[in-house]
Amino acid sequence: MTTERSHFTSIEGPPKVYEEIMRQLEADIRKHIRIEHQLKLHIESVEDRVEELEREQEDNEKSLAEVDTLKKEVETLKVDVKAKDKKIEEQAEIAEKHNEKVKSQEAA
């Protein structure tokens with residue numbers, strides 16, 4: 001029994017199989033950490049892109065609102081122009097009638 005005990009105590013460190021398993025596990029851990037870091041970078045990149053797209057959407061919505069406001073203003077101006085054109089035509093008719101009246105009075 002003493003020979004068995006002395007045999008186990010004479011082994012220096014863990015068996016080679018365990019050392020290889022430990023090396024493989026350490027390599028797996030390093031690989032996992034590397035992948036985790038890459039994923040974090042990718043997530044940051046995607047989050048930045050999302051923020052950029054949200055800002056662009058806000059800008060586009062503001063621009064769209066401005067376009068709608070300008071369209072309404074254009075329509076209002078068109079109505080004003082039509083009203084003023086009609087008033088000009090009426091004034092032109094009045095002026096024409098007045099000129100005809102003056103001419104007929106001058107001829108008489």
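The values are calculated or read from the model by the stated rules, or taken from the named source; none is laboratory data. These figures come from a predicted structure and were not determined experimentally. Glycine gets a Cβ as well: all are built from the backbone with ideal geometry, and neighbour counts include every protein chain shown. SASA here: full protein model, heavy atoms, side chains in, ligands and nucleic acids out. Shrake-Rupley method; radii C 1.70, N 1.55, O 1.52, S 1.80 Å.
Would you kindly calculate the mean projected area, averaged across all directions, of the convex hull enclosing the Cα atoms of region 22-69, in square nanometres?
Values: hull surface 11.7 nm².
Quarter of the Cα hull surface area: 2.9 nm².
Does anyone have the angle between helix 16-107 and the longest principal axis of the chain? Alpha-carbon axes, 0 to 90°, nearest 10?
0 degrees
Rounded to the nearest whole Å³, what is the per residue volume of the convex hull around the Cα atoms of the chain? Working shown, then result.
Details: hull volume 10.9 nm³, N = 108.
Output value, Cα hull per residue: 101 Å³.
Return the single residue from VAL46, VAL67, VAL17 with maximal mean-square fluctuation; model: Gaussian network over the chain, springs between Cα atoms under 10 Å.
Between VAL46, VAL67, VAL17, it is VAL17 that shows the largest mean-square fluctuation.
Modelling each spin label as a point 7 Å along the Cα-to-Cβ direction, I'd like the GLN38/LYS62 distance in nm, to one decimal.
According to this spin-label approximation, the distance is 3.9 nm.
At 222 nm, what value in deg cm²/dmol follows for the chain if DSSP H runs of at least 4 each add -39500 (n - 2.57) and the sum is divided by all its residues, to the nearest 500? Don't skip to the answer; put the middle values down first.
Working: 2 runs with 100 residues, N = 108.
Helix contribution divided over all residues of the chain: -34500 deg cm²/dmol.
For the chain, what % of the accessible area comes from carbon and sulfur atoms, probe 1.4 Å? Walk me through the intermediate numbers first.
Values: 6100 of 10690 Å².
The C+S portion of the solvent-accessible surface of the chain is 57 percent.
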